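Since the structure comes first, as structure tokens, the remarks are kept for the end.
The values are calculated or read from the model by the stated rules, or taken from the named source; none is laboratory data. Because the structure is a prediction, the values reported are computed rather than measured. Note that we place each Cβ from the backbone using ideal geometry, even for glycine, and neighbour counts take in every protein chain shown. In case anyone asks, the SASA skips ligands and DNA or RNA and just uses the protein heavy atoms, side chains included. Shrake-Rupley method; radii C 1.70, N 1.55, O 1.52, S 1.80 Å.
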Amino acid sequence: MKRSILASTLALVLSSSVFANNYALLSEVRDQIKSPEYTQQEKQLVVEQARIFLEDLYVHQYAKDIYYGISPTGHLNAVSEIYKVIDELDTLDTDQLHARLTKIFKAQRDLHLVYLHPQPVRSYASYLPFEFDKTLDVFGHSEVRVSNLFESLLPYVTDSRLPEVGDKVISYNGEPIHKVVEDNLYVGYGSNEDAGFIRALTTITRKGHAVSLVPERNDVTIEFLSHVTGETYTTTIPWVTRLPAAATNSTGNANANVAHLLEESTNIEAAQHQLIKSELDTDSGSPFVTNPTADPQLSWAIREVDGQQVGYIKLARFRVVNEIDDALKQLSELLTDELAQTDALVFDVRNNPGGLITYADRLVQLFSAKPAVPTQLKFLNTQLNYDILHKTVFSSFGPQWQKVLADVNGTNARYTDTTSYITIAQNNEFGQSYYKPVGIWSDARTYSSGDVFTCSIQDNGVAKVYGEHKRTGAGGANVLRHSVFNRYIGAPYFEALPYDQEMTVSWRQMVRHGHNKNAIIEDFGCVADQHVPQTLESIKDSSLGNFETIARDLLSEAPNTSTVRFLQSRETDLNTSGRTLEIEVTNTELVEIYLNDVKVDVVNIGAYGEASKTIEYTIPASAIEGKVRFIGLDGGKTPLWNGIRYFY
């Protein structure tokens, strides 16, 4: 929940004194945040690798020019600008080189296309002791207000007045706040109007120096309007810098599953911030206290709203501890056990920076009566992409990717055809696990695989999307890191960057389906079905009121009169439980039964009204292990529900 000054001060009393060793005023450590001097050969190496990323791999390069247009102070054509740097390289010193490349990458407004600075610079991050958020006033006009205080940074602000959560921001360093937002659109990475606004606010309150240059000034002067007294006051706040004492700045796990590295869609900057924020305060982003699970990314709660029980799930990232199957199993069991008796469910992916695309895709099936279709992706048609998928170790990660590149190789086609990581069958191995109304709660910080999940929910017609902002963050690509290319491919295509530098690139472009067929996610995002905006009141109550608004809307939906209840657990031991599976159904005309994806029976159950009927299916003696899927249909054979039971 959001912290007031009083609450933050009380929490600070209990905080560890060790924390102070990890932070210092920017004014005291500015001289330490320096890039090593590069030789001419090192500069040439970095620029050439950047050129390869921007010209041969960056899948959005053409779409960005169309969406934003080209402007000297706004969006830059990435390819033409990198060639300018190449032509002028002899005249650029190291700092100028980093500044030029940072500008080119950031001007694309794509958090998957990132130029990360060398060590030791990338291990530092500078913060103001609070966060800003976009709110709407009673007339629907946008405002900027303080949304949270970082309690552990408050001791560094000893001579200035601190704002309260909810105070309105009037100006920043003498400029009206809305002009400041506009001026930071092309350095904040945010795509589209909503995400651009939010990311611009981010870049004026925190700067991870892995991607952002050090502020020119050691402090900022901000004018606020008190939401309590109505008075206007001006205060000067110092930047506080996180020192590289702990290893929270890593952009990847060297021992990560290689296949997972190719399925990644993450906002690296936000993922790094999550690690730092966890030590700055305990604000979970949830509107109330939640129950933890064995998965550190997953928590849940049940709240009573108007006498009914509403489930709540918070998924912080699409990251898995072991395998995606393990994460899906835990979520499925949560839905079928702890949340089984709830009347509706709110699934919160606000602030989710992304993770594994296949996890986001496969999660949809837990709420879908019909098979969920996975997200499609396509490559830029370049010789380098063809070579990577045909002549390197990457050729082992799916013949579908090789085929789409081979089909256009040597042609003038700009892109390949689309394909997906997994088939529809592979995307539906768990089946439906929740049968009541579901709402997806998103915002403009919902990014990458967070976009994938939210858009896929819409494209599959599964649930309603409620947006804190009108659009999600619009991160529409599979992202790959230079270090991965270098580690697994290497020369002659890639060479290691000096001083632990890194780059990331939007490699495969996501394409939507269903009612949004052929639309891309990048820049456009997913438009909320219902806008439930942040206001002063929602900031003060940690969005509890917004949660209740969403819950009431879900509870007002006509209930699904067709129901199913499985009388066996998801996994059945044939030696102890026998071979007969039983289900109870209501308001269902037909039930199809599939054994290991082969239809074996259709039962005309004719279950009408509230009285349930029972179906029994006996697993053949010849079947040693596998799965049985039950699909409930109405008279027109429209899917009403489905579920899977495994046996061994």
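Looking at region 382-392 only, could you name the residues that are surrounded by fewer than 21 Cβ atoms within 10 Å (Cβ to Cβ) and touching a residue at least 24 places away in the same chain (Cβ under 8 Å)?
THR382, GLN383, LEU384, ASP387, THR392
Looking at region 68-121 only, could you name the residues that are among the acidic types (Asp, Glu), assigned to a helix (DSSP H, G or I) and more than 22 Å from HIS482 (Cα to Cα)? Please lay out each step first, then the result.
Initial filter on region 68-121 (among the acidic types (Asp, Glu)): 81, 87-88, 90, 93, 95, 110.
Among the residues that remain, those that are also assigned to a helix (DSSP H, G or I) are: 81, 87-88, 90, 95.
Passing the criteria: ASP87, GLU88, ASP90.
Looking only at region 216-227, count how many residues are open to solvent by 10 Å² or more (accessible area, probe 1.4 Å) and closer than 24 Å to SER35 by Cβ.
Summing the residues that are open to solvent by 10 Å² or more (accessible area, probe 1.4 Å) and closer than 24 Å to SER35 by Cβ in region 216-227 gives 4.
Is region 38-53 home to any residue that is part of a loop (DSSP other than H, G, I, E, B) and modelled with pLDDT of 95 or more? So that I can check it myself, show each step before the final result.
The first filter runs over region 38-53 and keeps only residues part of a loop (DSSP other than H, G, I, E, B), leaving 38-39.
Subsequent filtering for residues that are modelled with pLDDT of 95 or more retains 38-39.
Yes, some residue in region 38-53 is part of a loop (DSSP other than H, G, I, E, B) and modelled with pLDDT of 95 or more.
Starting from residues that are more than 22 Å from the chain's Cα centre (by Cα) and acidic (Asp, Glu), keep the ones in region 110-147 and report whichever is least open to solvent (accessible area, probe 1.4 Å).
Across region 110-147, the extreme among qualifying residues is GLU143.
Is it the case that GLY174 is open to solvent by 20 Å² or more (accessible area, probe 1.4 Å) and without any contact (Cβ under 8 Å) to a residue 40 or more places away in the chain?
no
Among the residues of region 529-549 satisfying the criterion of being crowded, with 17+ Cβ neighbours inside 10 Å and among the small types (Gly, Ala, Ser), which is nearest to LYS168 (Cα to Cα)?
SER538
I'd like to check which strands (runs of 3 or more DSSP E) are fully inside region 198-303 and have at least 2 residues that are modelled with pLDDT under 85 and not assigned by the TED database to the domain that holds GLY166.
Numbers: elements: 206-208, 219-225, 232-238, 240-242, 264-266.
Output list reads 264-266.
When GLU522 is evaluated against the numbered criteria (1) exposed (fewer than 14 other Cβ atoms within 10 Å of the Cβ); (2) under 30 Å from TYR68 (Cβ atoms); (3) in contact (Cβ under 8 Å) with a residue 24 or more places away in the chain; (4) of a type outside the set (A, V, I, L, M, F, W, C), which criterion, by number, is the only one it fails?
So GLU522 meets the others, but not (1).
GLY355 is checked against (1) outside any strand (DSSP E or B); (2) touching a helix residue (DSSP H, G or I) at 6+ places or on another chain (Cβ under 6 Å) and fails just one. What number does that condition carry?
(1)
Looking only at region 424-439, count every residue that is assigned to a loop (DSSP other than H, G, I, E, B), of a type in the set (Gly, Ala, Ser) and surrounded by 14 or more Cβ atoms within 10 Å (Cβ to Cβ) and tell me the total.
Qualifying residue count for the region: 2.
Please enumerate the residues belonging to region 393-423 that are surrounded by 15 or more Cβ atoms within 10 Å (Cβ to Cβ), in a loop (DSSP other than H, G, I, E, B) and modelled with pLDDT of 95 or more.
Across region 393-423, the qualifying residues are ASN409, THR416, ASP417, THR418, SER420, TYR421, ILE422.
Take the residues in region 52-93 that are of a type in the set (Asp, Glu) and within 32 Å of the chain's Cα centre (by Cα); name whichever of them is most open to solvent (accessible area, probe 1.4 Å).
Kept after step one, since they are of a type in the set (Asp, Glu), are these residues of region 52-93: 55-56, 65, 81, 87-88, 90, 93.
So of that shortlist, the ones also within 32 Å of the chain's Cα centre (by Cα) come out as 55-56, 65, 81.
Working: GLU55: 55, ASP56: 36, ASP65: 36, GLU81: 33 Å².
My answer is GLU55.
For the condition open to solvent by less than 40 Å² (accessible area, probe 1.4 Å) and over 26 Å from the mean Cα position of the chain (by Cα), what is the one hit in GLN32, GLN49?
Details: GLN32 fails: open to solvent by less than 40 Å² (accessible area, probe 1.4 Å).
Of the residues listed, the single one that is open to solvent by less than 40 Å² (accessible area, probe 1.4 Å) and over 26 Å from the mean Cα position of the chain (by Cα) is GLN49.
Where in region 537-640 are there strands (runs of 3 or more DSSP E), lying fully within it, with 3 or more residues that are at negative phi and among the hydrophobic types (A, V, I, L, M, F, W, C)?
580-586, 588-595, 598-607, 626-633
Please determine, by comparing only the residues of region 565-586 that are β-branched (Val, Ile, Thr) and farther than 22 Å from ASP325 by Cα, which one is most open to solvent (accessible area, probe 1.4 Å).
At the first step, the residues of region 565-586 found to be β-branched (Val, Ile, Thr) are 572, 576, 580, 583, 585-586.
From what's left, farther than 22 Å from ASP325 by Cα: 576, 580, 583, 585-586.
On the way: THR576: 110, THR580: 51, ILE583: 2, VAL585: 1, THR586: 13 Å².
Step by step, filter region 565-586, then rank; the result is THR576.
For region 589-645, how many residues meet the condition of being surrounded by fewer than 15 Cβ atoms within 10 Å (Cβ to Cβ) and touching a Lys or Arg at 6+ places or on another chain (Cβ under 7 Å)?
Final tally of qualifying residues: 2.
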